[in-house]
């Protein structure tokens with residue numbers, strides 16, 4: 001089964017460094033190192049937070065309600081990728097895998113960000129991920145792929161479009177973790193943008209802010225499907241569930257308040 005999960009930790013730190021805070025920060029560093037799929041966004045002292053977040057330049061914010069600070073925060077939240085999971089990666093046959101299909105919806109001229117992390121494809125030899133517009137007569141999608149940036153749409157050479165001719169697009173990745181371990185194998189990053197006619201696109205802002213990014217499903221959205229072949233992971237690997245991550249975060253909160 002294909003799942004998409006978006007998890008973000010927002011951490012407020014307005015305390016002076018002490019033993020309890022050092023312990024809490026150490027637990028957050030552990031979370032960062034072991035779960036690249038859970039971005040941490042920090043508010044507070046940059047020196048204390050830079051070892052906790054992945055990208056200090058974009059993931060650390062001042063304790064301020066200034067409009068530009070809030071705008072930057074919304075942009076960061078909107079670009080945080082949802083985790084693309086294939087939770088049967090260690091036990092299903094290729095026939096069963098081919099029956100797995102995800103149906104998604106994207107608003108015209110809005111972008112969705114996805115990421116698949118190496119725990120789901122560590123043992124793969126050749127992966128093929130396919131995208132198709134279900135209603136190409138009313139709209140199609142642009143899909144961009146990268147392994148070096150979570151905003152691949154900024155590099156047009158990484159992008160492909162479905163078309164009104166009902167064209168499928170696909171990305172092939174061979175030996176994705178050859179020479180890497182689970183800790184340093186680069187993820188797959190995707191951006192999916194809804195496209196309509198040029199005149200309609202010009203009427204919609206290319207950038208969303210605030211709750212505009214989180215659009216509920218509606219009739220104007222473009223429907224598409226995602227299928228895959230060749231995804232395989234380590235059968236001995238225990239994939240951590242969102243509930244387990246929540247329990248870990250609660251443990252951090254309670255340890256800091258005790």
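Any read-out appearing in this document is the output of simple, stated calculations on the displayed coordinates, not a laboratory observation. Everything numeric in this text was worked out from a predicted model, so none of it was measured. In this analysis, Cβ positions are derived from the backbone assuming ideal geometry, glycine residues included, and neighbour counts consider all displayed protein chains.
Gain on full extension, evaluated as 0.36 nm per residue between residue 10 and residue 100 minus their Cα-Cα distance, stands at 29.1 nm.
Diffusion of segment 119-183 by Stokes-Einstein, at 20 °C in a medium of 1.002 mPa s and with Rh set to the Kirkwood radius over alpha-carbon pairs, works out to 159 µm²/s. For residue 149 and residue 181, FRET efficiency with R0 = 25 Å and r from the beta-carbon atoms, rounded to 0.05? Computed FRET efficiency for residue 181 and residue 149 comes out at 0.75. Model label sites at residue 36 and residue 22, defined 7 Å from Cα along the beta-carbon direction, differ in position by 3.0 nm.
Extension gain, residue 168 to residue 75: 0.36 nm times the residue separation minus the Cα-Cα distance gives 30.5 nm. As a proxy for reagent exposure, ranking 228, 35, 155 by other Cβ atoms within 10 Å from fewest up yields 155, 35, 228.
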